[in-house]
Amino acid sequence: MSEQATAVVERGAEFDPHREAWIAITQTHAAVTGRLQEALTAAELPPLPWFEVLATLDRAPEQRLKMGELAEALVITRGGLTKLVDRLIKAGLLERVFCETDRRVSYATLLPAGIELLEEMRPIVRGELAVAFSANLSAEEAEGLRAMLDRIRGTACGVEQSPH
């Protein structure tokens, strides 16, 4: 019997390595998110969800996304996204542009002030992520972790993923 199999047997019938991995993911997410939020607050910058919206739009073609696509990319409800985007619009960081052919479709579009704020926030976020990750993972290991998590997300979303 392998060492891993022995460890599972020794821990008893209740041990589930997939559940333990899930717990580790959620606890790590909470810890890193907390660290990022604390760093942004200390720098007197807006909250982490603002950074996530700005960074996601910055990576998008023409720095804009349909609201539904943005909600999906951020793993947030459309209602929650609407409230968040409304705050960013009020702050002058984004604008909502309606589709010319279908007024039911709107785009969140990054404005110059949003790009400027993102450029202030980005070094803080990158620095904290470097501290959290680089002490424990090489760049190659980080890429491997990302690939594994992408496969898990693909399965959870019902999208077939290639093994590598």
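No value in this document is a laboratory result; all are computed from the given coordinates. Nothing here was measured: the structure is a model prediction, and the numbers come from that model. Don't worry about glycine lacking a Cβ; one is built from the backbone with ideal geometry, like all the others, and counts go over all protein chains shown.
Building the convex hull from the alpha-carbon atoms of the range 64-116 and averaging its projection over directions returns 3.6 nm².
Label-to-label distance for ALA139 and THR77 is 4.1 nm, based on points extended 7 Å past Cα in the beta-carbon direction. Peptide packing for 22-32, 91-101 was compared via the average number of neighbouring C-beta atoms within 10 Å per residue; ordered from the highest value, the list is 91-101, 22-32.
For ASP86 and ALA130 in the same chain, what is the full-extension length gain: residue separation times 0.36 nm, less their Cα-Cα distance, in nm? Numbers along the way, then the final one.
On the way: separation 44, 0.36 × 44 = 15.84 nm, distance 3.11 nm.
Full extension from ASP86 to ALA130 adds 12.7 nm.
Percent relative contact order of the chain, based on C-alpha pairs within less than 8 angstrom and at least six residues apart?
On the way: 123 pairs, mean separation 30.6, N = 164.
Value for the chain: 19 percent.
Rounded to the nearest 500, the helix-only mean residue ellipticity at 222 nm of the chain stands at -22000 deg cm²/dmol, with each DSSP H run of n ≥ 4 adding -39,500 (n - 2.57). On full extension, the segment bounded by THR33 and MET67 gains 9.9 nm, given 0.36 nm per residue less the C-alpha separation.
If you build the Cα gyration tensor of the range 37-164 and take the root of 5 times each eigenvalue, what three semi-axes come out, in whole angstrom, biggest first?
Numbers: eigenvalues 147, 99, 27 Å².
Value: 27, 22, 12 Å, ordered largest first.
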